[in-house]
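Everything on this sheet refers to the single structure shown next.
Rule-based calculations on the coordinates, nothing more; no lab input. The structure displayed is predicted, hence computed values, not measured ones. With ideal geometry, Cβ positions are generated from the backbone for all residues, glycine too; neighbour counts draw on all protein chains shown.
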Amino acid sequence: MVGKFADAAARAVKAGFDTIQLHGAHGYLIHQFHSPGINKRDDEFGRDKAKFGVEVIKAVKAVLPPDMPLLMRVSAIEYAEYAYGLDHMLEVARAYRDAGVDMFDVSTGGEGGPAVKGKPGNYPGYQVPFARALKDALGVPVSAVGMLDDPELAEHVVASGDADLAVIGRAMLRNPYWAIDALRRLDGTTDLVATAYERGYHGHR
């Protein structure tokens with residue numbers, strides 16, 4: 001499986017991608033290994049919950065160009081009955097950082113099953129404190145998620161130093177021109193508008 005991750009990364013590089021992100025959150029395979037509540041193995045991959053993720057990171061990093069960043073998405077905490085807390089994720093993420101992760105994309109939960117332990121309400125910015133916690137503890141760039149649909153909120157998350165990037169998901173599914181609209185709303189910039197759409201941004205009818 002470690003080799004398959006490396007093979008996939010090599011294909012992405014060949015295809016022309018300029019960044020790789022590993023999904024280590026929301027119940028995906030890497031998350032399953034570093035979650036004590038899911039990983040019940042009694043071998044070396046069970047005794048060291050970060051081992052599988054570390055091996056994947058090292059294998060992927062080996063096939064990337066030296067200047068290509070490796071990102072990793074993690075769930076800072078879980079919400080299941082067996083949930084791990086932030087201290088566990090910081091320990092695991094530290095091992096991932098040392099193995100070669102350049103930036104963490106910080107989410108929470110999603111491990112599967114009903115969320116029964118400490119799940120917060122879904123409100124704009126509710127995930128941001130977890131991104132800040134990883135940034136402060138690990139000294140690496142982080143991206144924040146969590147209903148950052150409002151451009152002013154997304155701008156504040158970055159300007160305040162809580163995160164280095166604000167990741168917009170569902171809002172861009174609803175509006176693929178979210179980034180252009182945000183630039184116009186924040187500073188009036190329209191330079192990134194594709195030529196075919198300029199008429200829609202300059203008062204033409």
Please compare each pair in LYS14/LYS51; LYS14/LYS61; LYS4/LYS58; LYS4/LYS61; LYS51/LYS117 to a cut-off of 21 Å on the Cα-Cα distance and tell me which ones are over it. LYS14/LYS51; LYS51/LYS117
Where in the range 140-156 does the amide nitrogen come within less than 20 Å of the point 7 Å from the Cα of LEU183, taken along Cα to Cβ? 149-156
Cα coordinate range in the range 132-188, projected on the principal axes (Å, largest first): 34, 23, 13
Treating only the Cβ of Lys, Arg, Asp and Glu as charged (+1, +1, -1, -1), what charge dipole size does the range 99-194 show about its Cα centre? Round to the nearest 20 debye. 380 debye
Taking the alpha-carbon set of the chain, what are its Rg and Dmax in Å? 18.9, 68
1/(1 + (r/R0)^6) with r = Cβ-Cβ of ALA194 and LYS117, R0 = 41 Å, i.e. FRET efficiency to nearest 0.05, evaluates to 0.35
Just GLY100, GLY113, GLY46 to compare: in a GNM of the chain, with alpha carbon springs under 10 Å, which one fluctuates most? GLY113
Tell me what the chain gives for mean residue ellipticity at 222 nm when only DSSP H runs of n ≥ 4 count, each as -39,500 (n - 2.57), the sum divided by the residue total, rounded to 500 deg cm²/dmol. -12000 deg cm²/dmol
Kindly give the semi-axes, whole Å and largest first, of the ellipsoid equivalent to the range 76-178, taking each as the square root of 5 times a Cα gyration tensor eigenvalue. 22, 19, 11
Looking only at aspartates and glutamates whose Cα falls under 13 Å of LYS49's and that sit 8 or more positions away or on another chain, we get GLU91
Between beta-carbons, use under 9 Å as the cut-off and find the net charge around GLY109, counting Lys and Arg +1, Asp and Glu -1. -1
Taking just the alpha-carbon atoms of the range 14-65, what radius of gyration and Dmax come out, in angstrom? 12.9, 40
Kirkwood Rh, angstrom, the range 1-114 [1 / mean 1/r, Cα pairs]: 14.2 Å
